[in-house]
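Structure record follows, encoded as structure tokens.
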Amino acid sequence: MALYRVHLNVARSEQYPSGSSECGYEFIVPLDGQMQLDPEAWKNHKDDCTVHRFWEDEADLRGHLRHVGKGWKFDYDKSDDEDDELLFKLDRHKLAEGEYVSITESDGEMHTFKVMAVRPYP
């Protein structure tokens, strides 16, 4: 297990025909040798697993990666669940360059993101 910094950009879609490097996430996550999320390692590194959401024309958000039941979410305010963003089947996805991840944002809209970079952290 090792910690990695993962950078996502919004992928091509009707709203973003060419994708966008101005909309995305950067987060720290423990990955196993198969480049999949390691939930046991996450338990020991919860405070390290931060997220930075950047979106054109919106204020940046900073929070943490949280494990909820079998799922994962980005949590920007521990006292309020309304801002949480759910990661679609993150426990089954490989977090490697060129792969895709879907995130349901706090407004209920789901976007697909392309993994642009995965680098050892720190």
Here are 77, 48, 84: which of them is surrounded by 11 or more Cβ atoms within 10 Å (Cβ to Cβ) and within 14 Å of residue 29 (Cα to Cα)?
-> 48
Among (1) buried (at least 17 other Cβ atoms within 10 Å of the Cβ); (2) at positive phi, the one test that residue 72 misses = (2)
Name the strands (runs of 3 or more DSSP E) wholly within the stretch 1-100 that hold at least 2 residues that are over 15 Å from residue 118 (Cα atoms) and over 14 Å from the mean Cα position of the chain (by Cα)?
-> 20-31
So, of the residues in the stretch 66-104 that are touching a strand residue (DSSP E or B) at 6+ places or on another chain (Cβ under 6 Å) and among the polar types (S, T, N, Q), which turns out to be nearest to residue 36 (Cα to Cα)?
-> 102
For the stretch 101-120, how many residues meet the condition of being farther than 18 Å from residue 17 by Cβ, surrounded by fewer than 15 Cβ atoms within 10 Å (Cβ to Cβ) and of a type outside the set (D, E, K, R)?
-> 3
Answer yes if at least one residue in the stretch 111-122 is touching a His at 6+ places or on another chain (Cβ under 9 Å), of a type in the set (S, T, N, Q) and modelled with pLDDT of 90 or more, and no otherwise.
-> no
Subset of the stretch 6-27, residues buried (at least 16 other Cβ atoms within 10 Å of the Cβ) and out of contact with any His (no Cβ under 9 Å at 6 or more places or on another chain), comes to 6, 7, 8, 9, 19, 20
In the stretch 105-117, residues that are closer than 15 Å to residue 58 by Cβ and out of contact with any strand residue (DSSP E or B) (no Cβ under 8 Å at 6 or more places or on another chain) total 2
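The values are calculated or read from the model by the stated rules, or taken from the named source; none is laboratory data. Not measured: the values here are computed from a predicted model. Here Cβ is always computed from backbone atoms with ideal geometry, including for glycine, and neighbour counts include all displayed protein chains.
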